[in-house]
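First the structure, in the form of structure tokens, and then the observations on it.
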Amino acid sequence: MGCCPLWCDVSIVRPHAKSVVDDHVHVIGAGLAGLSAAVRLVKAGVKVSIYEAGSEAGGRCRSFFDSRLGCRIDNGNHLILSSNHAVMDYLQIIEAENTLHVHEEAVIPFVDLEEDIRWKILLKKRLGLWALLFPSQRVPGTRLIDYVTALRLVWAADDKAIGQCLKTSGSLWRRFWSPLCVSVLNTDPALASAKLLRAVVWETFISGPAVTKPLVPKDGLSETFVNPALTFLKEHNADFKFNFSVRKLDYSNGRVARLLGRDSAVDVARRDMVVLALPPFATQKLLPELGVPDKYEPIINGHFRLRELEHERSFIGIVGGTAEWLFWRDNIVSTTVSSAKALLNKTNEELAMRLWCDISRVFSLRQAELPPYRIIREKRATFTQTPEQVQKRPKMATAFANLWLAGDWIDTGLPATIEGSVRSGEHAARAVIKNIKIYQGP
């Protein structure tokens, strides 16, 4: 939604937060939720150790050098909004706000490839609502009554699917609701949770600042979300243990007492806290009694290197194609297909040809030959966000006094997005700090 190695330069010195407690917090998982929790904790002066099974941080939110394309690309594409307050707070803490490219126009552009129509969704809350009175400001082919009937979403019960609240046909569904739902919920729009969609609509179009602007990383996901966080954590004396896979948790007197790895173990002192920030399937291996969402949806991303592209860095939503989104910077065009189960049986070449067709039509390209590309399949990108699966999301607190959960899949009230992931880590850190203060006493 290029590599900047300076983000990893820990020679830059910032004032350290003075340690206010002797307590130690163990954060298991260095994905975005774990990093978010760790950043908040060290900022409060808490000693933190981070355990990551892999050799690098970031989880799904990362960038890497692709030898076929000859440049760095992101594992996936993500569009950030300036109204995503948890993300913006996180980036402010790690001093990474300037790594985002701000689209000055407060709109999301769309194109219907089947009918060759283009339009923009306004992200100006007050103006956006009044603009619906004018046909020229509405989604093409829609009427004012279409928007009025969408109020059913406001009163929908938490166990209802979107298809039970909204009309799943017509221009407003095809050109607004369906692409919005599949993008933020990564689930068949008609079957996805109305409760989660309502939360997105509320935070994006109703509450918050009067104007919301789209944001995308200037260089990559790692350069925005991961590398600055690692620098911040190292400067605040966080301890990293990469290639340390926690295989089991030992308990004593209702608390986590030890983290068992493959070849070693870490004792958890009586006053230590633990934040478990792993995917649901990995979390359940450590907490077999915990109920978690158990169905998943894939996302397929494609990255294409063009010889040249005479368009400024931007993005566009697509209707009537294979891809749902196109993002581009320099000569790299990236595509995203959400809830992509129907395409998993396709070969990479078949997928590339279909996605390249979308790109060619969006940019009116005459380059017939398929350019160099990379297809990335995330088979378990998010949990399936239907009402049934949403009800399986656990709370942050657990049955153990010193153990909290973090991740976009726990009960944040939001879909499984970057904002949800960062917010979960923030909330876990706040809970830990509150419990440390309670434990210390007045």
Item to check | Residue in the stretch 213-229 that is surrounded by the most Cβ atoms within 10 Å (Cβ to Cβ), counting only those that are touching a His at 6+ places or on another chain (Cβ under 8 Å) and of a type outside the set (V, I, T) | outcome: L221
Checklist entry - From the list L355, L370, L351, which residue is outside the structural domain of S178 (by TED's automatic domain parsing), in a helix (DSSP H, G or I), more than 30 Å from A397 (Cβ to Cβ) and in contact with a helix residue (DSSP H, G or I) (Cβ under 8 Å, 6 or more places away or on another chain)? => result L351
Checklist outcome for this item: The residue that is nearest to T382 (Cα to Cα), considering only those in the stretch 404-420 that are acidic (D, E) and either modelled with pLDDT under 95 or part of a loop (DSSP other than H, G, I, E, B) (or both), is D408
Checklist outcome for this item: Checked the stretch 393-419 for anything surrounded by 17 or more Cβ atoms within 10 Å (Cβ to Cβ) and either of a type in the set (K, R) or not assigned by TED's automatic domain parsing to the domain that holds M273 (or both); matches are R393
Checklist outcome for this item: Quick count over the stretch 230-256, residues being surrounded by fewer than 18 Cβ atoms within 10 Å (Cβ to Cβ), assigned to a strand (DSSP E or B), touching a helix residue (DSSP H, G or I) at 6+ places or on another chain (Cβ under 8 Å) and not basic (K, R), is 1
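Strands (runs of 3 or more DSSP E) wholly in the stretch 57-127 with at least 2 residues that are under 19 Å from S334 (Cα atoms) - which ones?
So the answer is 63-66, 71-74, 100-102, 107-112.
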Next on the checklist: Considering only residues that are assigned to a strand (DSSP E or B), surrounded by fewer than 20 Cβ atoms within 10 Å (Cβ to Cβ) and over 17 Å from the mean Cα position of the chain (by Cα), which ones fall in the stretch 274-311?
Outcome noted: R305
Item to check | Complete set of residues in the stretch 110-149 that are under 29 Å from the mean Cα position of the chain (by Cα), farther than 30 Å from I359 by Cα and modelled with pLDDT under 85 | outcome: K125, R126, L127, L129
Checklist outcome for this item: Counting only residues in the stretch 92-104 that are among the aliphatic types (A, V, I, L, M) and touching a strand residue (DSSP E or B) at 6+ places or on another chain (Cβ under 7 Å), the one modelled with the lowest pLDDT is identified as V102
Checklist entry - Does S245 count as among the small types (G, A, S), in the same structural domain as L343 (by TED's automatic domain parsing) and closer than 27 Å to G58 by Cβ? => result no
Checklist entry - Filter the stretch 204-252 for residues that are under 16 Å from the mean Cα position of the chain (by Cα) and polar (S, T, N, Q); which is modelled with the lowest pLDDT? => result T204
Checklist entry - From the set of residues in the stretch 245-299 that are in contact with a Ser or Thr (Cβ under 7 Å, 6 or more places away or on another chain) and among the β-branched types (V, I, T), which is farthest from H26 (Cα to Cα)? => result I299
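The values are calculated or read from the model by the stated rules, or taken from the named source; none is laboratory data. The model shown is predicted, which means the values in this text are computed figures rather than measured ones. In this analysis, Cβ positions are derived from the backbone assuming ideal geometry, glycine residues included, and neighbour counts consider all displayed protein chains.
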